[in-house]
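The values are calculated or read from the model by the stated rules, or taken from the named source; none is laboratory data. Everything numeric in this text was worked out from a predicted model, so none of it was measured. When we count neighbours, we look across all protein chains shown, and the Cβ atoms used for this are built from the backbone with ideal geometry, even at glycine. These accessible areas exclude ligands, DNA and RNA; they are computed on the full protein's heavy atoms, side chains included. Shrake-Rupley method; radii C 1.70, N 1.55, O 1.52, S 1.80 Å.
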Amino acid sequence: MLNLIKKEIRLCLHPTAFIFLSFAGLVFVPSYPYEVIFFFSCLSVFFGCMMARENGDISFACTLPVKKEHIPLAKMSVIFGLQCIILFLVGIMGAIKGAIFPIEQYFNYSGISANLVLVGNGAILLGIFNLIFFPRYFKNPSKIGVPFVIGAFVIFFLIGVFIVLRWVTPLYSTTLNGLNSENTGTKLAALAIGIVIYAVLSAASCKLSMKNFQRVDL
């Protein structure tokens with residue numbers, strides 16, 4: 001299993017997987033829907049899977065002396081790790097922004113501010129994308145477009161929902177918005193809920209993907 005993970009890192013990661021990690025810095029852009037940052041993480045998954053298809057990676061992996069169900073598990077483990085890194089970086093960048101920017105520049109007028117709630121929202125978005133994309137992808141690894149388009153559509157719809165909530169509900173516009181030092185307990189609860197949802201959905205997507213891949217005849 002460890003060797004499969006090493007293979008994924010060395011042979012299958014598309015350069016955008018690392019480039020898009022730097023997009024955590026978009027939290028410094030004023031009036032930007034910060035949840036879009038997490039879509040780029042999903043886009044890097046698409047590029048990585050497309051590169052793996054063009055290089056025949058899945059077929060190659062099936063010739064190795066490994067359990068078949070470990071092939072999707074290894075790929076998803078690496079991607080989950082990258083997703084956790086982008087969540088962490090967004091949290092760090094948001095904390096830095098809150099420490100150095102004046103309060104009027106910290107507030108985001110296009111959605112939630114760069115605080116702990118944003119990280120929780122991002123975790124929910126990534127978990128939902130994982131559940132949509134990977135089980136469909138591992139049903140037929142040569143068909144990448146449809147699973148990604150479905151996942152991207154749902155992600156942008158949910159981003160729109162988060163933006164609307166920011167403006168129409170006092171919970172989002174007042175309690176959950178703003179600096180982490182304000183209503184910290186509530187923000188931590190929102191972050192914890194997002195992380196739990198991410199963990200549950202990602203675990204479910206992993207289980208379904210392993211089950212679907214077992215049925216693939218390569």
For F47: the one exception among (1) over 18 Å from F148 (Cα atoms); (2) open to solvent by 50 Å² or more (accessible area, probe 1.4 Å): (1)
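Residues are listed down the side, and each one gets a yes or a no for (1) under 16 Å from the mean Cα position of the chain (by Cα); (2) under 16 Å from F28 (Cβ atoms):
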site	(1), (2)
G91	yes, yes
Y106	no, yes
I128	yes, no
K139	no, no
S142	no, no
I155	yes, no
I163	no, no
W167	no, no
T184	no, no
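Within segment 143-159, track down each residue that is open to solvent by less than 50 Å² (accessible area, probe 1.4 Å), in contact (Cβ under 8 Å) with a residue 24 or more places away in the chain, over 13 Å from I112 (Cβ atoms) and in a helix (DSSP H, G or I). Explain how you work it out, then say what you get.
Filtering segment 143-159 down to residues open to solvent by less than 50 Å² (accessible area, probe 1.4 Å) leaves 144-145, 147-148, 151-152, 154-155, 158-159.
Checking the rest, the ones that are also in contact (Cβ under 8 Å) with a residue 24 or more places away in the chain come to 144, 148, 151-152, 154-155, 158-159.
Checking which are over 13 Å from I112 (Cβ atoms) leaves us with 144, 148, 151-152, 154-155.
Correct list: F148, G151, A152, V154, I155.
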Selected residue [loosely packed, with under 15 Cβ neighbours inside 10 Å, β-branched (V, I, T) and touching a Gly at 6+ places or on another chain (Cβ under 9 Å)] from V196, V200, V168: V200
Looking at segment 50-101, which of its residues are assigned to a helix (DSSP H, G or I), modelled with pLDDT under 85 and open to solvent by 50 Å² or more (accessible area, probe 1.4 Å)? S59, F60, C62
Within segment 20-30, is there a residue that is surrounded by fewer than 18 Cβ atoms within 10 Å (Cβ to Cβ), outside any helix (DSSP H, G or I) and out of contact with any helix residue (DSSP H, G or I) (no Cβ under 8 Å at 6 or more places or on another chain)? yes
Take the conditions more than 14 Å from E35 (Cα to Cα), modelled with pLDDT of 85 or more, open to solvent by less than 40 Å² (accessible area, probe 1.4 Å) and not polar (S, T, N, Q) and apply them to F162. Does it pass? no
For A17, indicate whether it is open to solvent by less than 30 Å² (accessible area, probe 1.4 Å), part of a helix (DSSP H, G or I), within 22 Å of F213 (Cα to Cα) and at pLDDT below 95. no
Pull out all pairs, ordered by first then second residue, where Cβ-Cβ is under 9 Å, the residues are six or more apart or on different chains, the first lies in segment 60-81 and is touching a residue at least 12 places away in the same chain (Cβ under 8 Å) and among the β-branched types (V, I, T), and the second is open to solvent by 50 Å² or more (accessible area, probe 1.4 Å) and in a loop (DSSP other than H, G, I, E, B). V66/M1; I71/L64
Residue check: is G94 of a type outside the set (D, E) and free of Cβ contacts under 8 Å to residues at least 12 places away in the same chain? no
Unique residue being part of a loop (DSSP other than H, G, I, E, B) and either among the polar types (S, T, N, Q) or in contact with a Pro (Cβ under 9 Å, 6 or more places away or on another chain) (or both) when the list is N130, N140: N140
Check off (1) surrounded by 17 or more Cβ atoms within 10 Å (Cβ to Cβ); (2) closer than 23 Å to L118 by Cβ; (3) hydrophobic (A, V, I, L, M, F, W, C) for F134 and give me the number that stays unchecked. (2)
Using the structure shown, decide if P33 is modelled with pLDDT of 90 or more and not in a helix (DSSP H, G or I). yes
Inter-residue pairs, beta-carbon under 6 Å, first free of Cβ contacts under 8 Å to residues at least 40 places away in the same chain and in segment 170-186, second outside any helix (DSSP H, G or I), 6+ apart: T175/N183
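Say whether the condition of being within 30 Å of Q214 (Cβ to Cβ), hydroxyl-bearing (S, T, Y) and in contact (Cβ under 8 Å) with a residue 12 or more places away in the chain is met by at least one residue in segment 24-34.
Kept after step one, since they are within 30 Å of Q214 (Cβ to Cβ), are these residues of segment 24-34: none.
Looking for residues that are within 30 Å of Q214 (Cβ to Cβ), hydroxyl-bearing (S, T, Y) and in contact (Cβ under 8 Å) with a residue 12 or more places away in the chain, one finds none in segment 24-34, hence no.
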